[in-house]
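The values are calculated or read from the model by the stated rules, or taken from the named source; none is laboratory data. Model, not experiment: these values are computed from the prediction. We place every Cβ from the backbone using ideal geometry, glycine too, and count neighbours over all the protein chains shown. In case anyone asks, the SASA skips ligands and DNA or RNA and just uses the protein heavy atoms, side chains included. Shrake-Rupley method; radii C 1.70, N 1.55, O 1.52, S 1.80 Å.
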Amino acid sequence: MTDPRMQRIRDGLAARLAFDAEALVPWIVAGQRVGWLSRERASLLARWPHWFDVSTLRVDLRNTLASDAERTGALAEVIARLAEDGHVRGWRDERFAVNTGWGTPTLALVERAAARFFGIRTYAVHMNGLIDGADRGAPALWLARRAETKPIDPGMWDNLVAGGIGHGFDARGALEKECWEEAGIGADLAAQLVPCGTLDVLREVPEGIQCETLFAFDLTLPDSFIPVNQDGEVAGHLRASPDTALDIMADFAMTVDATLVTLDALARLSSALAPQGFAPGNTI
């Protein structure tokens, strides 16, 4: 019998993954769609007609900005003004690439806080911190509670380690950095990270559009391991049984991203981790 919590989790994900392309306009850079804008946000960009061509059907960054450096400079000025006016919040001093997919040429760089305003594709790493029970303990997953000061999803449960991939990092390098900052996981243990594929998220959020590829990893941790946050972005940790993790997800107390990555782990590792009655065949 399928665990009844799964239907609640699926219904919750469906509600939180809402996306209506007809209500949005594409953002075009160098002739390529690189993002999505609400009509309200698109109208804000009409203040800069020398850089944006705004119509009811699309928003183009003008081709007079011919190089990635020129585009980056112009967008930096625009984003700074948008932030001053309260349209971009949670400034990070970290830059994300504007491109059409992982590994494609960078067309511009933008402040991370503006990524969802423009609806660009972003990239993040998420790591399942697993206790497999091989040392006669019970199987478990370490979860992290996001600090209340986080600009997105404050106070919600997350994977043990998760973070955006900034410009200049690959997925593994970004995750190794986050492993230490978020959980005190050193290089020797992080060397055992196992890549587990990608998941894609496309949804409307208060900041704009989240269009993100999640690189999922597993790390099996010693039974004695206790995570220790180093950067103040985690409010606390929980060593959760798979049943407890399902309860948290069914209560919508975990971020959408972490819910998808955790369900993926439970499905892949069902023989060791999934609770009784969990049906891995239709997790999402």
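For the chain, the relative contact order works out to 21 percent when only alpha carbon pairs closer than 8 Å and six or more residues apart are counted. Taken over the alpha carbons of region 19-118 as equal point scatterers, the Debye sum produces base-10 log I(q)/I(0) values at 0.21, 0.25 Å⁻¹ of -1.16, -1.65.
Heavy-atom accessible area, probed at 1.4 angstrom with all protein chains present, ranks 234, 256, 54 as 54, 234, 256, highest first. Approximating the spin labels as points 7 Å out from Cα along Cα→Cβ, the residue 15-to-residue 244 distance works out to 2.6 nm.
Give the whole-number value, in cubic angstrom per residue, of the convex hull volume spanned by the C-alpha atoms of region 66-211. Please report the intermediate quantities before stating the final value.
Values: hull volume 19.0 nm³, N = 146.
Spelled out: Cα convex hull of region 66-211, divided by residues, is 130 Å³.
Computed from Cα atoms, the angle from the helix 68-84 axis to the main principal axis of the chain rounds to 80 degrees. In plain terms, the chain from residue 76 to residue 57 could stretch by 4.4 nm, reckoned as 0.36 nm per residue minus the Cα-Cα distance.
When each of the peptides 177-184, 72-79 is scored by the mean number of other C-beta atoms lying within 10 Å of its residues, the order from highest to lowest reads 177-184, 72-79. Residue 224 exposes around 100 Å² of accessible area when a 1.4 Å probe is run over every protein chain in place. Name the most mobile residue of 133, 166, 86, meaning the one with the largest mean-square fluctuation, in a Gaussian network model of the chain with Cα contacts below 10 Å. Looking only at 133, 166, 86, the largest GNM fluctuation is found for 86. DSSP assigns beta bridges within the chain; of those with both partners inside it, close to 75 percent run antiparallel.
What FRET efficiency would be calculated for the residue pair residue 22, residue 188, taking the C-beta separation as r and a Förster radius of 51 Å, to the nearest 0.05?
On the way: r = 51 Å, r/R0 = 0.99.
The pair residue 22/residue 188 has a calculated efficiency of 0.50.
Relative contact order of region 19-118, please, whole-number percent, based on alpha carbon pairs below 8 angstrom and at least 6 residues apart. Kindly include the intermediate steps, with their values, before the conclusion.
On the way: 144 pairs, mean separation 24.5, N = 100.
Result for region 19-118 is 24 percent.
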